[in-house]
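Nothing in this text is a laboratory measurement; each read-out follows from the coordinates by a stated rule. Quick caveat: nothing in here was measured; it's all calculated off a predicted structure. So basically every Cβ, Gly included, is an ideal-geometry build from the backbone, and we count neighbours across all protein chains shown.
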Amino acid sequence: MAKKELDAILEAERAATEVVESAKVKAKEILSAADKEAERLLQEAVEEAQSKAKSMLESASASSDALEKAYLEEAHREIASLREMAASRLQDAVMTIVTKVKQAL
């Protein structure tokens with residue numbers, strides 16, 4: 001009877017060892033799959049962040065170009081306005097001088 005009980009205990013121990021080893025293998029597989037998934041998700045996140053950053057830079061660059069163009073156009077308008085004003089004042093000065101010369105004669 002003791003031999004049967006000892007054999008049963010040994011068989012149960014072998015079965016338990018097989019279950020534990022099988023669980024270890026399965027755990028390693030799950031861990032490996034989780035690691036690969038985490039790496040994939042990280043890569044996707046990095047790519048998405050890079051894409052958003054590139055888009056933001058392109059948008060900022062376009063805004064900067066538009067602002068530069070607007071400021072340049074405004075500067076040209078201001079220069080044209082100043083030229084017109086200077087020409088008008090120069091004309092007034094010439095007329096004043098002509099008038100004074102005529103009065104002097």
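Just how far, in whole angstrom, is segment 52-105 from segment 13-36 if you go by their alpha carbon centroids?
One Cα centre to the other: 80 Å.
Taking Cα atoms, how many degrees apart are the long axis of helix 2-104 and the longest axis of the chain, rounded to 10 and kept between 0 and 90?
Once rounded, the angle reads 0 degrees.
Measuring from a point 7 Å past the Cα of Met95 along Cα-to-C-beta, which residues in segment 57-87 have an amide N at less than 16 Å?
It comes to 84-87, nothing else.
Looking at the chain as a GNM with Cα springs under 10 Å, which of Glu13, Glu74, Glu29 has the largest mean-square fluctuation?
Answer for the Gaussian network model of the chain: Glu13.
What spacing in nm lies between the two simple spin-label points modelled at Ala80 and Ala33, each 7 Å away from Cα in the Cβ direction?
Placing both labels 7 Å beyond Cα along the Cβ direction yields 7.1 nm.
Compare the Cα positions of Leu72, Ser61, Gln43 along the charge dipole of segment 39-105 (+1 at Cβ of Lys, Arg; -1 at Cβ of Asp, Glu; about the Cα centre) and return the one farthest towards the positive end.
Of the candidates, Leu72 comes out farthest on the positive side.
Which residue, Leu42, Leu67, Leu90, has the most motion in a Gaussian network model of the chain that connects Cα atoms within less than 10 Å?
Leu90
Based solely on its DSSP helices, what 222 nm [θ] is calculated for the chain when runs of n ≥ 4 H residues each add -39,500 (n - 2.57) and the sum is averaged over all residues, nearest 500 deg cm²/dmol?
-38000 deg cm²/dmol
So which residue, out of Glu37, Glu73, Glu18, gets the largest mean-square fluctuation from a GNM of the chain using Cα contacts under 10 Å as springs?
Glu18
As an exercise, use a Förster radius of 41 Å and the Cβ-Cβ distance of Ala23 and Glu58 to find the FRET efficiency, rounded to the nearest 0.05. Could the numbers behind the result be given before it?
On the way: r = 52 Å, r/R0 = 1.27.
Given R0 = 41 Å and the Cβ-Cβ separation, E is 0.20.
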